[in-house]
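Undergrad: One structure is given below, represented as C-alpha cells, and several questions about it will come after.
The values are calculated or read from the model by the stated rules, or taken from the named source; none is laboratory data. This is a predicted model, so every value here is computed, not measured. Virtual Cβ from ideal backbone geometry, glycine too; neighbours counted across all protein chains shown.
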Amino acid sequence: MTAARLAPQLPPGYRLDRRDTVGSTMDEARAAAGADAPDGLVVWAREQTGGRGRLGRQWHSPPGNLYMTVLLRENCPPAVAAQLGFVMALAVAEYVAPVLRAAGAPEADLRLKWPNDVLLGGRKLAGILLESALRPQGGLAWLLCGIGVNVAHHPDVPDRPSTALAAAIGGPPPDPGEALSGVVSAVADWRKRWRREGFAPVRAAWLARAHPVGTPLEARLPGGATRGTFAGIDADGTLLLAGPGGLMHRIAAGEVHALPGGTLDKA
C-alpha cells in the first residue's frame, strides 16, 4: 500500500493533515498555528519541494521518506519546551529500533547526536527542527517540531554522511505512513511522561542512546570551534564537553561532530 493510500493510526489528541506535495511541512504547520490550529496537529507530506534542516540547509525530500511537523502548545517557558526536541529524537529511535531488530540489523548502531539528530552507523538517518513563537504578553504560543526520516532514500552530500532505513535493513523500506504512526505514538508516550515527570527520564533515555561518554567531539560555534570529550548533558539539555585540566565546556547551541579517528588531535 502506498503512502498516498495508507491511513496512519494516530493516538488520541493528535490529528492528521495529509498532503501530497508541499513546500515544507514546517511552513504549512506554521500557517496552521497562526490560524489557531489545536495542539497535536500533524502535517504530513509525501514530498517537499522546499524542505530544510538546521541552519537553513536544504533537506532532500523525495517521495518514500517521512516528512512531518507536529504542532504543540505547551504552557511553559520556551527554554523548557526546547526539551521536546529530545523527546522527538527518542521517538524516532523508538520507532527505528524494532525495525532494525526485526531485520536482524545491529541496534547498537542506532545513536542520538546532540542536539537533535538520529544516526545509524555514524550516518544521519533523521533530523529534528524546532521553531517556536511567543505570545504578545509573553510565554510560549506554539512549538513546531519538524521531523525528517530517511526511510527509502538518503542524500549524497560528501561532508554530511547520511543513510536510509532501507539500506540498513537490506530489504524493502517501511511505508512512510507506518513510520509516521510509530513515531507519533512514541511522541505521545514520551510527551506524557515528560509532562508528568519532567526532563529527568527523557535525559536518561536519551543518554542511553547517545555517544559513549568520553567520545571526542567538536562543537562548531559562531566564534570558532570547541573540542572536548562528551561528558553528557546537564539537567536542562545543555551539552557538556570535558576539556583539558578539568575544564568543562557548556554548549547551549551549535553544530557537533565526532572527531575522525576518535582523537582530540588536530583532524
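Undergrad: Within region 62-116, take every residue that is in contact with a Ser or Thr (Cβ under 7 Å, 6 or more places away or on another chain) and assigned to a helix (DSSP H, G or I) and give me the one that is modelled with the lowest pLDDT.
TA: P78
Undergrad: Here is a further query. If D159 satisfies all but one of (1) free of Cβ contacts under 8 Å to residues at least 12 places away in the same chain; (2) closer than 19 Å to A82 by Cβ, what's the number of the condition it fails?
TA: (2)
Undergrad: Hey, can you tell me all the residues within region 66-110 that are over 17 Å from A204 (Cα atoms) and within 14 Å of the chain's Cα centre (by Cα)?
TA: L66, Y67, M68, T69, V70, Y95, V96
Undergrad: Also, quick follow-up: Filter region 198-211 down to residues that are farther than 11 Å from A235 by Cα and outside any helix (DSSP H, G or I), then give me how many there are.
TA: Residues that pass the stated criteria total 3.
Undergrad: Being over 17 Å from the mean Cα position of the chain (by Cα) and crowded, with 18+ Cβ neighbours inside 10 Å is the filter here; which residues of region 170-195 pass it?
TA: Those that are over 17 Å from the mean Cα position of the chain (by Cα) and crowded, with 18+ Cβ neighbours inside 10 Å: P173, P174, D175, G177, E178.
Here is a yes/no grid of residues against (1) within 23 Å of A103 (Cβ to Cβ); (2) part of a helix (DSSP H, G or I):
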{"position": "G148", "(1), (2)": "yes, no"}
{"position": "P172", "(1), (2)": "yes, no"}
{"position": "A179", "(1), (2)": "yes, yes"}
{"position": "R191", "(1), (2)": "no, yes"}
{"position": "W194", "(1), (2)": "no, yes"}
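Undergrad: Please work out which residue is surrounded by the fewest Cβ atoms within 10 Å (Cβ to Cβ), limiting yourself to region 15-31 and to residues that are assigned to a helix (DSSP H, G or I) and either more than 21 Å from the chain's Cα centre (by Cα) or touching a residue at least 60 places away in the same chain (Cβ under 8 Å) (or both).
TA: Among those that are assigned to a helix (DSSP H, G or I) and either more than 21 Å from the chain's Cα centre (by Cα) or touching a residue at least 60 places away in the same chain (Cβ under 8 Å) (or both), it is A31.
Undergrad: Now a separate question. Could you please give the count of residues in region 117-139 that are under 16 Å from the mean Cα position of the chain (by Cα) and not in a strand (DSSP E or B)?
TA: Residues that pass the stated criteria total 1.
Undergrad: Which of the residues belonging to region 108-161 are surrounded by fewer than 20 Cβ atoms within 10 Å (Cβ to Cβ) and among the β-branched types (V, I, T)?
TA: Correct list: V157 only.
Undergrad: Do any strands (runs of 3 or more DSSP E) lying entirely in region 212-267 carry at least 3 residues that are at pLDDT 90 or above, in contact with a Pro (Cβ under 8 Å, 6 or more places away or on another chain) and under 16 Å from K113 (Cα atoms), and which ones are they?
TA: It comes to 224-233.
Undergrad: Considering only residues that are loosely packed, with under 13 Cβ neighbours inside 10 Å and not acidic (D, E), look in region 196-219 and name the one that is farthest from L259 (Cα to Cα).
TA: Out of the qualifying residues, it is R196.
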